[in-house]
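J.: Sharing a structure, written as structure tokens. Questions coming.
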Amino acid sequence: MIKVTNEDRVLRIALEGRIHSANAPEVEKQIFDGFGGSVDRIVIDAEKLEFISSAGLRVILKLRKKCGNIEIVDVSPEVYDILEMTGFTEMAKVQKAYRRLSVDDCEVLGEGSNGVVYRYDPEIVVKVYRNADALNEIQRERQLARRALILGIPTAIPFDVVKVGDSYGSVFELLNAKSFSKLIAAEPENRDRYIAEFVDLLKRIHSTEVDPGEMEDMKAVALGWAEYLRGHLPEEQCDKLIALIQVVPERHTMIHGDYHTNNVEMQNGEVLLIDMDTLSYGHPIFELASMYLGFVGFGRQNPATTEKFMKLPYETTKYIWRRALALYLETEDEARIAEVEEKAMVIGFARLLRRTIKRIGYDDPEGKAIIDDCKAQLAGLLERVDTLEF
């Protein structure tokens, strides 16, 4: 009838069946026995709850007195009617049950730190979030996508939220759309044309002014990466890294934050941007750093890493990066291209170093190889690079 867990000060309660005056005292006892310490938030999973009487509702009221931050999720229409009629929808956040989808055997279109994008059928794609408690992330991404569209950036707007396994997904309409990675793989003779369109959209993004209150400041994020590296880099290197980021000029122009050829789609001749959860604002150097990692940096130790992610040969992704950078800078001067590339690499390797330390660590041989390479690259770059402006 009930399952209670307390992890990271979040009390999760899964209710089942029918809760009424006869069994409500036992339900209350099980819940309060399961507290096991301080609680900052309570999440009640009502997916399998068929009915709840006034006696059961009084148990929820007692929970609310213990912790005002309470949420009831996956509520059936029948139970939702009870909660609405009794005023509970005004006292607590109540989420109706979402329809379920399975992405088994669906094609993976792209994969990032926050989720995986699947082609569900010819008309729609589903982004499944890694975080099982992703509803806030989904709401934020929907708001960012809408804002981007209003500002003139062509993007697919999620039109539905679904449950996928133990997590949630956003559903987008992308009728017969193909990513630029797929287009380049299928039409290598046209790759320069696709790269030019890819860069045209990037310039459009970077020329779009945004309200800083609506998006994250990418400079502040990058400073957080650099501060994390204290104790992992020599003090003078870390100090210079932080100083370089601190003096990057303030810009209130849009950054996608994960701009690569999997996240740019062609639909009926129109170029669309997807995966908007990393939308932010700031100087373009932070975007270029992310692009360098996606096309080159992640594959330095093992090219198969990039090839699996981008679905393109590593030599092709390296070519896309250099050609895109040349078009973005509007120059064929190799020295100028290399100069800006090194600036992007400073931020890129700092981010990759932090990411690898947190996710893999020094004890794993693969992780240590990446960490050692990042440190070696940063040592040389920080000797040569004296500004991240370009």
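The values are calculated or read from the model by the stated rules, or taken from the named source; none is laboratory data. All values derive from a computational prediction rather than experimental measurement. As a convention, Cβ positions derive from the backbone with ideal geometry for all residues, glycine included, and neighbour counts pool all protein chains shown. Each accessible area value is taken on the protein alone, full model and side chains, heavy atoms only, with ligands, DNA and RNA left out. Shrake-Rupley method; radii C 1.70, N 1.55, O 1.52, S 1.80 Å.
J.: Per residue, how many Å² of accessible area does region 1-117 show with a 1.4 Å probe?
T.: On the way: 6430 Å² over 117 residues.
Solvent-accessible surface per residue comes out at 55 Å².
J.: Assuming 0.36 nm per residue, please report the length gained on full extension of the stretch Phe159 to Thr5 beyond their Cα-Cα distance.
T.: Working: separation 154, 0.36 × 154 = 55.44 nm, distance 3.25 nm.
Gain on stretching Phe159 to Thr5: 52.2 nm.
J.: Taking 35 Å as R0, compute the FRET efficiency from the Cβ-Cβ separation of Arg130 and Arg204 and round it to 0.05. Please list the in-between numbers first.
T.: Working: r = 29 Å, r/R0 = 0.84.
FRET efficiency, Arg130 to Arg204: 0.75.
J.: Distance in nm between label sites at Glu366 and His232, each 7 Å beyond Cα in the beta-carbon direction?
T.: Each label point is offset 7 Å from its Cα along the Cβ direction, giving 1.7 nm.
J.: When Lys and Arg each count +1 and Asp and Glu each count -1, what net charge do the other residues less than 12 Å away from Ala226, Cβ to Cβ, add up to?
T.: Working: positive: Lys219, Arg230, Lys240, Arg351, Arg354; negative: Glu227, Asp239.
Spelling it out: positives minus negatives among the neighbours equals +3.
J.: Using θ = phi - 60° and the Karplus form 6.51 cos²θ - 1.76 cosθ + 1.60, what ³J(HN,Hα) does each residue of region 106-115 get, whole Hz, x for Gly and Pro?
T.: Listing the rounded values in order: 7, 6, 7, 8, x, 8, x, 5, 9, x Hz.
J.: Moving on. Total Lys pairs in region 36-188 closer than 21 Å by alpha-carbon, pairs eight or more apart in sequence or interchain only?
T.: 12
J.: Out of the DSSP beta bridges found with both residues in the chain, what percent are antiparallel (nearest 5)? Working shown, then result.
T.: Numbers: 34 of 55 bridges.
Given both bridge residues lie in the chain, the antiparallel proportion sits at roughly 60 percent.
J.: Return the long-range amide H neighbours of Thr155 (sequence gap of 5 or more, or a different chain), with a cut-off of under 5 Å between placed amide H atoms.
T.: Residues meeting the criterion, in which the H sits 1.01 Å from N, are Leu273.
J.: Out of the total accessible area of the chain (probe 1.4 Å, heavy atoms of protein only), what percent is carbon and sulfur? Intermediate results must be reported in sequence, preceding the final value.
T.: Numbers: 8560 of 18030 Å².
In the chain, the share of accessible area belonging to carbon and sulfur is 47 percent.
J.: Given a 1.4 Å probe, how much area per residue of region 306-353 is accessible, in Å²? Each step should come with its number before you reach the end.
T.: Numbers: 1970 Å² over 48 residues.
Per residue, region 306-353 has 41 Å² of solvent-accessible surface.
J.: With all protein chains present and a 1.4 Å probe, how do Lys178, Lys203 order by accessible area, largest first?
T.: Accessible-area ranking of Lys178, Lys203, largest first: Lys178, Lys203.
J.: Next question, about the same structure. Give the distance, in whole Å, between the Cα centre of region 264-333 and the Cα centre of region 41-58.
T.: Taking the Cα centre of each part, region 264-333 and region 41-58 sit 47 Å apart.
J.: Here is a further query. Between Thr89 and Ala304, what's the calculated FRET efficiency when r is the beta-carbon distance and R0 is 56 Å? Round to 0.05. Before the final figure, lay out each step's value.
T.: Details: r = 50 Å, r/R0 = 0.89.
Efficiency computed from Cβ-Cβ geometry: 0.65.
J.: What are the lysines whose alpha-carbon lies under 20 Å from the alpha-carbon of Lys375, with same-chain residues fewer than 8 places away excluded?
T.: Partners within reach: Lys240, Lys343, Lys358.
J.: How many nm is it between the label spots at Asp333 and Cys67, if each spot is 7 Å from the Cα in line with the beta carbon?
T.: 5.9 nm
J.: Could you tell me what fraction of 2.2 N^0.38 Å the Cα radius of gyration of region 49-204 comes to, as a two-decimal ratio?
T.: Numbers: Rg = 20.6 Å, N = 156, 2.2 N^0.38 = 15.0 Å.
Region 49-204 yields a ratio of 1.37.
J.: What list of ³J(HN,Hα) couplings, whole Hz, do you get for region 218-224 from phi and the Karplus terms 6.51, -1.76, 1.60, once you set θ to phi - 60° and write x for glycine and proline?
T.: 5, 5, 5, 5, 5, 5, x
J.: Can you tell me which aspartates and glutamates have their Cα less than 19 Å from the Cα of Lys219? Leave out same-chain residues fewer than eight positions away.
T.: Glu209, Asp211, Glu227, Asp239, Glu250, Asp258, Asp277, Glu287, Glu341, Glu342, Asp386, Glu389
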